[in-house]
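One structure is given below, encoded as structure tokens.
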2 protein chains.
Amino acid sequence: MAPSKLKSAETDAAPRRRRKSVVAVDGETERPVTRIQREKQDIILEAALEVFSLHGFRGATIDQIAERAGMSKPNLLYYFPRKDEIHRRLIGQLLKTWLAPLEEMDANGDPFPEIRSYIRRKLEMARDFPRESRLFANEMLQGAPRIIEMIEVDLKNLVDEKARVLLAWMDQGKIARTDPYHLIFSIWATTQHYADFDVQVRAVLGPGRGGEGRFEDAARYLEHLFLYGLTPRPRSIDKMSGKS
Amino acid sequence: MAPSKLKSAETDAAPRRRRKSVVAVDGETERPVTRIQREKQDIILEAALEVFSLHGFRGATIDQIAERAGMSKPNLLYYFPRKDEIHRRLIGQLLKTWLAPLEEMDANGDPFPEIRSYIRRKLEMARDFPRESRLFANEMLQGAPRIIEMIEVDLKNLVDEKARVLLAWMDQGKIARTDPYHLIFSIWATTQHYADFDVQVRAVLGPGRGGEGRFEDAARYLEHLFLYGLTPRPRSIDKMSGKS
DNA sequence: CAGAATTTTGACCAGTTGGAAAAATGTTAG
DNA sequence: CTAACATTTTTCCAACTGGTCAAAATTCTG
């Protein structure tokens with residue numbers, strides 16, 4: 001039903017010294033080597049995603065993760081000797097995936113199609129990867145203790161860059177002049193809301209409108225919001241250019 | 001510096017049987033009776049808000065709360081015999097306060113000033129009560145196990161009512177025709193973002209723009225977004241009517 | 001298949017957690 | 001002042017937590 005995992009795209013060309021169990025010298029977990037290791041680590045990460053995203057780091061227990069992964073706790077610890085290494089791995093993978101949609105926003109494209117696509121992509125991520133979204137939200141709520149540097153460096157740089165793109169579009173009169181940073185924030189907020197506050201959204205919409213169609217409704221609404229705002233306008237002006 | 005607590009406005013006219021310790025018959029915690037009880041409970045709730053909002057229910061410990069409240073764990077347990085009763089009380093108080101800004105939105109007022117004020121009020125709450133916002137967000141992330149009924153009844157009813165108000169405004173051509181539920185969601189999302197993702201916001205804005213002014217910037221931006229969207233417009237058209 | 005390496009298990013542990021009991025210490029009305 | 005109640009502290013506990021370890025079971029490789 002739901003796409004289960006974010007692909008890691010992490011093949012790591014270096015062959016490394018093998019034959020040494022999964023646990024590495026300096027406390028870091030090595031890349032999986034055997035087929036079994038790869039499989040089991042994936043199973044564990046999948047289970048951990050479920051549990052961490054629901055209870056946060058402190059609220060999640062290794063036992064819960066192990067149970068969901070269908071293995072004993074010591075067995076799990078054989079693959080990830082520390083709880084926080086599982087978490088670190090998840091978060092590490094996550095941020096890259098999280099930034100991807102924004103990275104795709106192309107300075108050379110048409111502003112409105114670019115922005116609209118960005119919103120769509122973010123909304124799709126909220127729909128297809130809600131647990132990842134919640135994991136991220138949990139980390140943020142707790143003050144992002146484990147990823148603050150990534151936020152301050154990688155994320156900030158990317159946003160700075162894209163803010164410049166937006167500013168350029170504003171200078172060219174292609175989109176309204178407004179604050180590019182808060183613009184980006186508002187796209188994050190509105191889209192991730194549908195993952196992080198899913199319970200609320202569904203409860204408020206009720207069984208009818210809270211069904212599968214809610215993401216399409218949201219997409220339509222957000223498109224309108226970011227394009228026109230709430231100012232009433234006469235009959236059919238052509239919608240956002242660049243169709244589909 | 002920061003306003004510390006949401007006022008409870010809970011005087012509870014009923015005199016009740018007194019003299020019976022704080023613990024009530026059926027496991028429920030009674031309303032505080034003596035001056036000391038009221039004070040201590042307030043201190044505890046304040047400490048608990050801090051801890052719960054940061055770590056979520058499972059991640060928070062009674063010891064942490066007790067320490068922050070400046071008392072021993074058993075002493076704290078004298079006032080709230082169960083951990084989850086502290087949480088329940090916090091959440092209970094919270095939801096009422098949380099709904100207030102939306103309740104104020106007046107069907108007889110002018111749409112744009114009403115909506116704009118609502119956004120302002122929500123943004124002020126994000127600024128002045130970030131812990132309350134995070135407590136709420138934490139609960140949502142976990143699937144709202146402890147308040148789902150309130151969400152499904154009280155919150156839903158209120159939103160339904162206000163959605164009708166918005167629809168009426170749309171019918172009268174006073175605001176653009178769009179989805180009233182998702183409109184409300186987007187206001188929640190964009191404003192609460194500044195409390196729940198505060199770390200990220202500050203990190204991305206950097207030391208300069210991430211300072212105290214960020215809420216004013218956000219207010220200005222959101223006003224523009226909800227009024228006009230991103231469609232570029234010619235020179236000064238009058239801003240949202242109905243000042244301050 | 002044998003031997004080596006990998007994987008899994010069961011027993012265990014020290015620290016933490018939510019909470020109970022009861023004794024000790026205030027506080028206050030009569 | 002003192003009995004009755006309210007509050008606080010001390011001590012304790014059973015369940016849970018993250019994590020260790022050695023032995024057993026399994027898988028892989030030649």
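Worth a mention:
- Within region B:44-96, the residues that satisfy the criterion of being within 13 Å of DNA strand D (Cβ to nearest atom), outside any helix (DSSP H, G or I) and in contact with a strand residue (DSSP E or B) (Cβ under 9 Å, 6 or more places away or on another chain) are B:PHE80, B:PRO81.
- Residue list for region B:39-55, filter: among the charged types (D, E, K, R) and either modelled with pLDDT of 95 or more or more than 13 Å from DNA strand C (Cβ to nearest atom) (or both): B:ASP42, B:GLU46, B:GLU50
- Residue match in region B:134-150 (condition: of a type in the set (S, T, N, Q) and more than 9 Å from chain A (Cβ to nearest Cβ)): no
- Positions within region A:59-76 being closer than 25 Å to A:ALA144 by Cα and exposed (fewer than 15 other Cβ atoms within 10 Å of the Cβ), in sequence order: A:THR61, A:ASP63
- Some residue of region A:154-175 being under 29 Å from A:LYS83 (Cα atoms) and more than 8 Å from chain B (Cβ to nearest Cβ): yes
- Every residue from region A:202-234 that is under 18 Å from B:LEU155 (Cβ atoms) and either at pLDDT below 95 or more than 8 Å from chain B (Cβ to nearest Cβ) (or both): A:ARG202, A:PRO207, A:GLY208, A:ARG209, A:GLY210, A:ARG214
- Test: residue in region A:128-139 that is of a type in the set (A, V, I, L, M, F, W, C) and without any contact (Cβ under 8 Å) to a residue 60 or more places away in the chain: yes
- Residues of region A:98-116 that turn out to be touching a Ser or Thr at 6+ places or on another chain (Cβ under 9 Å) and open to solvent by less than 50 Å² (accessible area, probe 1.4 Å), as a count: 6
- Within the option set B:ALA107, B:ALA126, B:ALA137, being touching a helix residue (DSSP H, G or I) at 6+ places or on another chain (Cβ under 8 Å) and within 16 Å of B:ALA168 (Cβ to Cβ) holds for one residue only, B:ALA107.
The values are calculated or read from the model by the stated rules, or taken from the named source; none is laboratory data. Just so it is clear, the model here is predicted, and its values are computed rather than measured. Cβ atoms come from the backbone with ideal geometry, glycine included; neighbour counts cover every protein chain shown. Quick note on the areas: whole protein, heavy atoms, side chains included, nothing else; ligands and nucleic acids left out. Shrake-Rupley method; radii C 1.70, N 1.55, O 1.52, S 1.80 Å.
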